[in-house]
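The values are calculated or read from the model by the stated rules, or taken from the named source; none is laboratory data. Just so you know, these numbers come straight off a predicted model, no measurement behind them. Here the Cβ positions follow ideal geometry from the backbone for every residue, glycine too, while neighbour counts run over all protein chains shown. Ligands, DNA and RNA are stripped out before the accessible areas are found, and what is left, the full protein with its side chains, is counted by its heavy atoms. Shrake-Rupley method; radii C 1.70, N 1.55, O 1.52, S 1.80 Å.
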Amino acid sequence: QVQLVESGGGLVQPGGSLRLSCAAPGSTFSIRRMGWYRQAPGKERELVATIISDGRTDYADSVKGRFTISRDIGENTVSLLMNSLKPDEAAVYYCNAKAKPFSLWAWRDYWGQGTQVTVSS
């Protein structure tokens, strides 16, 4: 199995910045895509940003121009720099990876436990 370890959540004021990081330690699997989703209370989980192995990125329209996702392939880590944060973006942010352990035949999604981001004065 693939473990995803998240860090960087916390409290930030509106208009502030925060950087989230996610690591997938180990070398017994391949990763095709990594990214971040978020879920606020009473709302559906939604895509924030993803990055795939060829460097292509995908962002939610609401965060384009403010958030930047990057990946360190060798270390199997992904970072999300969030700028100009808004109060309605407070949520639990979940790291996601599309991965395949070498011992398995199929790709599947793996999820971190989530990290809380609070945007408040």
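Just a few scattered comments:
- When Thr68 is tested against (1) over 13 Å from the mean Cα position of the chain (by Cα); (2) open to solvent by 50 Å² or more (accessible area, probe 1.4 Å), just one condition goes unmet, and that condition is (1).
- Pairs, first among the β-branched types (Val, Ile, Thr) in the range 62-74, second open to solvent by 40 Å² or more (accessible area, probe 1.4 Å), C-beta under 6 Å, six or more apart: Thr68/Leu81; Ile69/Thr57
- If you go through the range 11-62 and keep only what is in a loop (DSSP other than H, G, I, E, B), open to solvent by less than 30 Å² (accessible area, probe 1.4 Å) and more than 18 Å from Thr77 (Cα to Cα), you end up with Gly16, Ala40, Ala60.
- The range 67-76, residues that are modelled with pLDDT under 95 and part of a strand (DSSP E or B): Arg71, Asp72
- Verdict on Ser62 being modelled with pLDDT of 95 or more and under 19 Å from Ala24 (Cβ atoms): no
- Within the range 82-121, the set of residues being assigned to a strand (DSSP E or B), surrounded by 15 or more Cβ atoms within 10 Å (Cβ to Cβ) and in contact with a Phe, Trp or Tyr (Cβ under 8 Å, 6 or more places away or on another chain) comprises Met82, Tyr93, Tyr94, Cys95, Asn96, Ala97, Lys98, Ala99, Lys100, Pro101, Thr115, Val117.
- Any hit, the range 47-55, residues being modelled with pLDDT of 95 or more and charged (D, E, K, R): no
- Flag if Ser79 is part of a strand (DSSP E or B), open to solvent by less than 80 Å² (accessible area, probe 1.4 Å) and polar (S, T, N, Q): yes
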